[in-house]
Amino acid sequence: MDLKPDSDKNQYASLETIFKDDGFPDFKWIDPEQIVVAQWVRMKCMFGCPNYGHKAACPPQTPSVTECQSFFNEYSDAVVFHLRLQNDNPEERAEWYKQMAMKFIELERRVFLAGFERVFALIFGGCYLCQECKSERSLCILPEKARPAPEGLAVDVFSTVKKLGYQISVRTDYTQVMDRYVFLMVR
Ligand code: SF4
């Protein structure tokens, strides 16, 4: 049963209009309790990801897994956006990541201005805003814009989006279509 008051429903409907106006019609609301946070995700960052220790919005520059779980516990509403990409050109792919990140940072700002002061975007892939990233937060070139990836906050994206009925699977090469996800923590 939906217990949200009508004023909230109107606000949420206006958010959905923002999402669609910004070109992101494929999204689903999620109760943040359904977001799976796991230590194994951080382990994969630490051992296996070339970004570890080299990007200012990636681990170990992000909070501990316990702190990440506390962060998600503070929210009652979030949105998962689904995007798809098929492109085996690494430069074009990086440019697409950057363009999408810029759009979601702007979308986050619009949601903030709509009265949702806690809004925070987690954007797939880590931060791609600069040609060359810095290894520490204090050296970040665009600190007001840099956002971590969901995985950077220890989110098990596979398990979480499957709960919403979204598809996701390991791709063996870049000629295959990729499913990418952005999490917007709303309230
Ligand atoms: S804004 Fe630039 S320096 Fe900061 S995390 Fe993103 S890519 Fe790295």
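The values are calculated or read from the model by the stated rules, or taken from the named source; none is laboratory data. Being a predicted model, the structure only gives us computed values, none of them experimental. Here the Cβ positions follow ideal geometry from the backbone for every residue, glycine too, while neighbour counts run over all protein chains shown.
A few remarks follow.
- Of all residue pairs spaced 6 or more apart or on separate chains, those with beta-carbon atoms under 6 Å, a first member in the stretch 90-101 that is buried (at least 17 other Cβ atoms within 10 Å of the Cβ) and among the hydroxyl-bearing types (Ser, Thr, Tyr) and a second member that is at pLDDT 90 or above and not in a helix (DSSP H, G or I) are Tyr97/Tyr128.
- Meets criteria (touching a Leu at 6+ places or on another chain (Cβ under 7 Å), in a helix (DSSP H, G or I) and either modelled with pLDDT under 95 or more than 21 Å from Pro60 (Cβ to Cβ) (or both)) for Val161: no
- Of the residues making up the stretch 141-175, those that are in contact with a helix residue (DSSP H, G or I) (Cβ under 6 Å, 6 or more places away or on another chain) and not β-branched (Val, Ile, Thr) are Lys145, Pro150, Glu151, Leu153, Ala154, Asp156, Lys163.
- Out of Ala78, Ala57, Ala38, Ala94, sole residue that is within 16 Å of the ligand (Cβ to nearest atom), within 18 Å of Phe183 (Cα to Cα) and among the small types (Gly, Ala, Ser): Ala57
- Checked against (1) assigned to a loop (DSSP other than H, G, I, E, B); (2) of a type in the set (Ser, Thr, Tyr); (3) within 25 Å of Arg109 (Cβ to Cβ), Ser169 passes all but condition (3).
- Tally of residues being in contact (Cβ under 8 Å) with a residue 60 or more places away in the chain, aliphatic (A, V, I, L, M) and more than 22 Å from Met43 (Cα to Cα) across the stretch 142-181: 4
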